[in-house]
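Structure record follows, encoded as structure tokens.
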Amino acid sequence: MSALLAAKAILPLSSSNSSNDAGTGLRMTYCVAVRVDEGLVLLSDTRTNAGVDNISRFSKMFIWEAAEERAIGMMTSGNLSITQGVINRLNTAIEKSGEDASVETILTADSMYRVAELVGEAMQGLQDRYRSSIQAEGAGADATVLVAGQCNGGQHRLFMVYSAGNFVEATEDTPYFQIGEHKYGKPILDRVLSIHTPLDQVVKAVCVSMDSTLRSNLSVGMPLDLAVLHRDSLAFGTRERIEADDPRFQAISQHWGEALRNAFKSLPDIGSTA
């Protein structure tokens, strides 16, 4: 088992480390979530870009747990005001349910499918209310939420919720979802991941995927948030903030770079350069 997988959280994933507000700016980001037989892995960056002179840090990963009942993780991309609104509506419903048991929440929904529906309903409500005014200001209102987790008695599942509130689910053929600046980190996932990949190997794969994105796109930045949910555990065994100077992530980046250079040098020649 890798050191990254065994590590425990030392910082809350919902914390913000910025005094700037991205307002209606689009959130440039990279988030990846993977569902395999052994469980779920989530990884996100923390950079928000509202212009070349307004780059801030916001956590894009949110975790909810109910002891021995369910564990849910979400990651967000797109318009920051919309995604924060979605999370706020979900949390407000949870608070209201303490006084009114009839209020349905992501902590009382009867399945992960229903959890995804609730996220979609919150998304749709915000889009209906604000989309036209946001676009009138020349900003984009699109937003996406990855929803992953497991309820007691159900399977661990992974969904991607779109701006319209509709969503799709990860399958055995496509066991991962990406949102944000996904193109740089996609090739490694396509080459090494399957529904049967062990969790420790999944963690390495998403870290390499993130490293490739960090090297190619300045709108994605450290630190990173990592969460790992073992199937049927109903609690995230790993919740961790990975800083830029983390020696384990640096080692993965260095080893992967060296391996690529060595593989490139060993490729057969095509044609003559003489």
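List of remarks:
- Using Cβ point charges alone (K and R +1, D and E -1), the dipole size of the chain about the Cα centre works out to roughly 640 debye.
- Radius 14 Å from Cβ of Q178, net charge of other residues (Lys, Arg +1; Asp, Glu -1): +1
- Taking the C-alpha atoms only, the angle from helix 247-265 to the longest principal axis of the chain is near 40 degrees.
- Hydrodynamic radius (Kirkwood) for region 3-263, which is based on Cα pairs only, to one decimal in Å: 18.5
- FRET E, pair V192, A235, Förster distance 30 Å, beta-carbon r, rounded to 0.05: 0.65
- Each of C207, V86, F58 was scored by the projection of its Cα onto the charge dipole of the chain, and the greatest displacement toward the positive side belongs to C207; charges sit on the C-beta of Lys, Arg, Asp and Glu.
- Ordering W64, W256 by the number of other Cβ atoms within 10 Å of each residue's own Cβ, fewest first, gives W256, W64.
- Each of S133, S163 was scored by other Cβ atoms within 10 Å of its Cβ. Listed from fewest to most, they are S133, S163.
- Legend: calculated FRET efficiency, R129 to A101, from the Cβ-Cβ distance at R0 = 25 Å, rounded to 0.05, equals 0.40.
- Taking amide H as placed 1.01 Å from N in the peptide plane, G39 has its amide H under 5 Å from the amide H of R231, each at least 5 places away in sequence or on another chain.
- Local electrostatic count, Q150, Cβ distance below 14 Å [Lys/Arg +1, Asp/Glu -1]: -3
- Fewest-first ordering of L107, L224 by other beta carbons within 10 Å of each residue's beta carbon gives L107, L224.
- Taking the longest Cα principal axis of the chain as reference, the axis of helix 199-216 is set at about 80 degrees.
- Against the chain, whose longest principal axis comes from its Cα atoms, helix 112-136 is set at around 90 degrees.
All of the numbers you see were taken from the coordinates with simple rules; none came from a lab. Since the model is a prediction, treat every value here as computed from it, not as a measurement. Backbone-built Cβ (ideal geometry, glycine too); neighbour counts: all protein chains shown.
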